[in-house]
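Quick notes on the structure that follows.
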Number of protein chains: 2
Amino acid sequence: MKRKNAVTIFDLAKEMNVSPSTISRALNNNPTIGKNTAKAIKQLARERGYQPNSIAVSLRKQQTNNIGVLVGRMNRPFISSMIAGMEEAARSEGFNILIAQSHDKLVNELNSVHALQKSLVSGLVVSLAMESVDYQHFVDLIDDGIPVLFIDRIPAGLEVHKVIIDNFKAGYQATRHLIDQGCTRIAHFSGSQKHVLYQERRRGYESALVEAGLPVREEYILSASALSQEEGASMTEYLLQFPEPPDAIFAANDTSAVGAILHAKSKGVRIPEELAIIGFNDDPQCQIVEPQLSSIIHPAVEMGRIAIEQMMHILHTTETLPAQTIVLDTSVIARASSLREHKKSVN
Amino acid sequence: MKRKNAVTIFDLAKEMNVSPSTISRALNNNPTIGKNTAKAIKQLARERGYQPNSIAVSLRKQQTNNIGVLVGRMNRPFISSMIAGMEEAARSEGFNILIAQSHDKLVNELNSVHALQKSLVSGLVVSLAMESVDYQHFVDLIDDGIPVLFIDRIPAGLEVHKVIIDNFKAGYQATRHLIDQGCTRIAHFSGSQKHVLYQERRRGYESALVEAGLPVREEYILSASALSQEEGASMTEYLLQFPEPPDAIFAANDTSAVGAILHAKSKGVRIPEELAIIGFNDDPQCQIVEPQLSSIIHPAVEMGRIAIEQMMHILHTTETLPAQTIVLDTSVIARASSLREHKKSVN
DNA sequence: TTGTAGGCGTTATCAG
DNA sequence: CTGATAACGCCTACAA
């Protein structure tokens with residue numbers, strides 16, 4: 001398992017009758033090296049196919065070119081797209097992405113943070129595990145000099161770097177869209193209230209209702225742990241039994257919204273005429289379900305890219321940067337599930 | 001950016017009045033160390049929160065604990081699930097997964113292989129870029145002592161380690177299923193014929209037809225570059241114009257199959273009565289489209305897991321292992337898009 | 001059973 | 001402008 005063509009700066013030095021340090025300096029564009037020597041050295045390095053041994057560099061600098069990425073599960077459309085964006089951005093900066101999944105369990109989150117720390121990642125990008133409530137392990141990391149940046153699922157009340165979407169505004173937009181379609185009894189499927197993200201979407205929802213002079217009815221606000229398709233269906237079943245059932249649903253994700261559509265259809269409820277529905281994320285399924293599902297667009301790939309750019313900024317700055325939050329915009333994509341006939345021209 | 005609690009074996013050695021090598025040996029379970037000393041050392045290491053510096057270890061061994069994973073795009077359901085499986089398996093072995101995307105471009109594939117090689121990954125798991133035809137860069141890597149294992153999209157005619165599904169059999173199964181439903185004019189959506197994977201699925205399709213005494217009609221076999229939903233729709237449109245249009249389609253992926261369903265429905269073609277359809281991959285969309293799409297199940301997560309286990313086996317073996325191919329089984333999952341009324345009891 | 005010393009490949013510091 | 005030299009933290013002959 002030995003690398004064969006292991007050309008080192010020592011080999012180059014011997015061949016050119018200079019010292020290894022000269023080679024090192026030339027290759028690192030140190031200005032104190034003579035123009036000509038530098039050029040000759042680079043030339044030879046290219047010829048010999050010299051590749052700096054990144055492990056040696058890391059050992060010397062006590063820092064790798066790896067960024068750890070910790071997520072709940074990576075095989076979800078939104079997450080994998082986010083990571084895809086990170087990978088691109090990181091690679092263009094000469095960094096690698098090192099992935100860990102917590103499977104939304106605190107134990108795994110702890111272990112993974114630990115494992116990544118051991119691998120000496122230069123920085124860590126985290127989308128919190130569902131049940132995470134204790135953030136001490138991240139604080140330790142930060143205290144240890146490893147910058148941590150949170151993305152999408154952020155911790156509550158912690159002064160840290162964040163890249164998020166404006167969940168309040170998105171919730172407002174979604175609800176506002178339903179109101180614009182003439183809906184007045186709008187229900188909301190929310191997720192675990194432990195998460196800032198769902199709290200915010202809900203706040204946006206309530207704010208839009210209040211602004212429009214509509215009542216905020218507690219019985220119309222349902223929380224589901226996983227917001228699965230099944231949960232979406234059963235929540236819809238529950239709502240439809242009301243003497244005065246809702247005429248619209250704003251679901252905090254697409255999966256539960258699809259569940260709502262399928263259930264409503266199976267009960268002969270017409271969508272969007274009797275029940276307008278909007279989801280969240282713009283997952284691929286939105287364009288497949290019938291009627292097509294309106295949703296809120298997340299710039300997932302871009303979020304990942306921006307997170308890495310921000311991380312690079314932090315890494316390249318010697319002094320400690322104050323915690324900064326980058327907020328990305330969302331928008332409504334209106335489709336058949338919420339566009340009522342007499343409003344369709346309006347879009 | 002300095003790690004603070006950097007406890008080293010040297011620190012422990014000083015504290016215990018032994019030499020660093022003793023510490024190292026004890027922590028590595030070297031049997032030549034006295035039971036008691038070893039125990040005491042491990043105890044102290046735990047107390048002081050000692051963490052071996054993995055970079056130093058890597059430099060010494062000229063090998064990291066990272067496995068490179070190179071795929072086309074990671075934000076596709078099948079791929080991200082595969083990587084999820086790899087991540088789990090690798091982590092349980094103390095390895096990290098380092099991701100690179102080729103975006104199905106040869107240039108990126110080359111660059112990424114290069115970048116991963118520079119980061120001194122211990123091994124590389126590759127799912128080929130669409131257009132990859134030249135495999136020299138992988139051969140170089142292998143010659144350089146870095147084991148390479150191909151998964152799913154494998155190179156043609158190269159003696160290498162592989163983890164794949166039996167695409168021939170899967171193609172046979174899918175077609176056989178349609179034949180069992182009473183279909184006799186079965187069309188096939190295939191992908192780029194440069195890929196072994198699509199060649200095999202097609203061979204399986206043809207084999208099932210021949211076995212059943214049905215003709216293999218060239219005009220029923222269509223190839224699409226990306227097998228997108230649009231391509232699926234337009235290929236269906238094309239097929240439906242035949243004087244004797246097909247009564248079934250076996251699509252080499254779900255996306256194009258969904259395109260077929262949507263187009264056929266829009267033309268008033270009844271599914272599955274007039275046109276039975278089966279896809280490939282069992283992507284989430286299968287259960288959302290109406291009628292629900294029959295498909296071929298891939299054990300994606302397990303494939304990833306097995307690939308890593310195989311890689312570990314290779315890494316832990318000192319001599320060079322002969323190239324081995326692991327073939328995983330697939331099965332048909334029959335849903336409404338292909339289950340004809342009079343056959344439904346059969347399943 | 002334990003200690004000593006050298007080296008993995010690079011870079012930073014200090015002389016020249 | 002360039003050359004020695006000493007780390008970075010760990011492992012492993014070889015010696016004791």
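Residues in region B:115-140 that are surrounded by 19 or more Cβ atoms within 10 Å (Cβ to Cβ) and within 7 Å of chain A (Cβ to nearest Cβ): B:Ala115, B:Ser119, B:Leu120.
In region A:10-22, the count of residues that are surrounded by 17 or more Cβ atoms within 10 Å (Cβ to Cβ) and closer than 27 Å to A:Ser122 by Cβ is zero.
The set of residues in region B:147-168 being on the phi > 0 side of the Ramachandran plot and buried (at least 20 other Cβ atoms within 10 Å of the Cβ) consists of B:Asp152 alone. Select from region A:38-80 the residues that are closer than 30 Å to A:Gln101 by Cβ, of a type in the set (A, V, I, L, M, F, W, C) and within 16 Å of DNA strand D (Cβ to nearest atom) and list them in ascending order. Matches in region A:38-80: A:Ile55, A:Val57, A:Leu59. Inside region A:85-114, residues that are buried (at least 23 other Cβ atoms within 10 Å of the Cβ), part of a helix (DSSP H, G or I) and facing chain B (nearest Cβ under 8 Å) make up a count of 2.
Quick check: is even one residue across region A:42-59 at the interface with chain B (Cβ under 9 Å from one of its Cβ atoms) and either more than 10 Å from DNA strand C (Cβ to nearest atom) or in contact with a Pro (Cβ under 8 Å, 6 or more places away or on another chain) (or both)? Within region A:42-59 (the criterion being at the interface with chain B (Cβ under 9 Å from one of its Cβ atoms) and either more than 10 Å from DNA strand C (Cβ to nearest atom) or in contact with a Pro (Cβ under 8 Å, 6 or more places away or on another chain) (or both)), the answer is no, since none of the residues qualifies. Quick check: anything in region B:329-340 among the charged types (D, E, K, R), surrounded by fewer than 18 Cβ atoms within 10 Å (Cβ to Cβ) and modelled with pLDDT under 85? The answer is no, given that none of the residues of region B:329-340 is among the charged types (D, E, K, R), surrounded by fewer than 18 Cβ atoms within 10 Å (Cβ to Cβ) and modelled with pLDDT under 85. Check region B:39-54 and report whether any residue there is out of contact with any His (no Cβ under 9 Å at 6 or more places or on another chain), under 28 Å from B:Asn111 (Cβ atoms) and surrounded by 19 or more Cβ atoms within 10 Å (Cβ to Cβ). Among the residues of region B:39-54, at least one is out of contact with any His (no Cβ under 9 Å at 6 or more places or on another chain), under 28 Å from B:Asn111 (Cβ atoms) and surrounded by 19 or more Cβ atoms within 10 Å (Cβ to Cβ), which makes the answer yes. Applying a threshold of 7 Å to beta carbon distances and a minimum spacing of six or more residues, or different chains, the list of pairs starting in region B:16-35 at a residue that is over 13 Å from B:Pro52 (Cα atoms) and ending at one that is at pLDDT below 90 and part of a loop (DSSP other than H, G, I, E, B) reads B:Thr22/B:Ile33.
Right, B:Asn30: more than 9 Å from DNA strand D (Cβ to nearest atom), loosely packed, with under 14 Cβ neighbours inside 10 Å and either within 14 Å of chain A (Cβ to nearest Cβ) or farther than 24 Å from A:Leu141 by Cα (or both) or not? Considered against the rule, which asks whether it is more than 9 Å from DNA strand D (Cβ to nearest atom), loosely packed, with under 14 Cβ neighbours inside 10 Å and either within 14 Å of chain A (Cβ to nearest Cβ) or farther than 24 Å from A:Leu141 by Cα (or both), B:Asn30 comes out as no.
Suppose the filter is touching a Leu at 6+ places or on another chain (Cβ under 7 Å) and farther than 20 Å from B:Thr8 by Cα; does B:His103 pass it? No; evaluated as a whole, the condition is false for this residue. State whether the residues of region A:237-245 include one that is in contact with a Leu (Cβ under 6 Å, 6 or more places away or on another chain), assigned by TED's automatic domain parsing to the domain that holds A:Leu293, outside any helix (DSSP H, G or I) and not basic (Lys, Arg). Checked against the condition, which is being in contact with a Leu (Cβ under 6 Å, 6 or more places away or on another chain), assigned by TED's automatic domain parsing to the domain that holds A:Leu293, outside any helix (DSSP H, G or I) and not basic (Lys, Arg), region A:237-245 yields at least one hit.
Applying the condition of being part of a loop (DSSP other than H, G, I, E, B) and under 18 Å from B:Val113 (Cβ atoms) to region B:157-199 and asking which residue is nearest to the chain's Cα centre (by Cα) yields B:Val160.
Inspection of region A:64-76 identifies at least one residue that is within 16 Å of DNA strand C (Cβ to nearest atom) and in contact with a helix residue (DSSP H, G or I) (Cβ under 7 Å, 6 or more places away or on another chain). Scanning region B:314-329 for residues that are among the charged types (D, E, K, R) and in contact (Cβ under 8 Å) with a residue 40 or more places away in the chain turns up just one, B:Asp329. Could you please let me know if A:Glu88 is among the acidic types (Asp, Glu), touching a residue at least 60 places away in the same chain (Cβ under 8 Å) and away from DNA strand D (no atom under 13 Å from the Cβ)? It is true that A:Glu88 is among the acidic types (Asp, Glu), touching a residue at least 60 places away in the same chain (Cβ under 8 Å) and away from DNA strand D (no atom under 13 Å from the Cβ). Evaluate region A:246-262: report whether one residue or more is on the phi > 0 side of the Ramachandran plot and in the same structural domain as A:Ser337 (by TED's automatic domain parsing). Looking for residues that are on the phi > 0 side of the Ramachandran plot and in the same structural domain as A:Ser337 (by TED's automatic domain parsing), one finds none in region A:246-262, hence no.
Tell me, please, whether a residue that is under 25 Å from B:Ser92 (Cα atoms) and more than 9 Å from DNA strand D (Cβ to nearest atom) can be found in region B:2-22. No, because not a single residue in region B:2-22 is under 25 Å from B:Ser92 (Cα atoms) and more than 9 Å from DNA strand D (Cβ to nearest atom). On inspection, A:Asp144 does not qualify as more than 9 Å from every other protein chain (Cβ to nearest Cβ), surrounded by fewer than 19 Cβ atoms within 10 Å (Cβ to Cβ) and more than 23 Å from B:Ala100 (Cβ to Cβ).
The values are calculated or read from the model by the stated rules, or taken from the named source; none is laboratory data. Only a predicted model underlies this, so the values are computations on that prediction, with no experimental measurement involved. We place every Cβ from the backbone using ideal geometry, glycine too, and count neighbours over all the protein chains shown.
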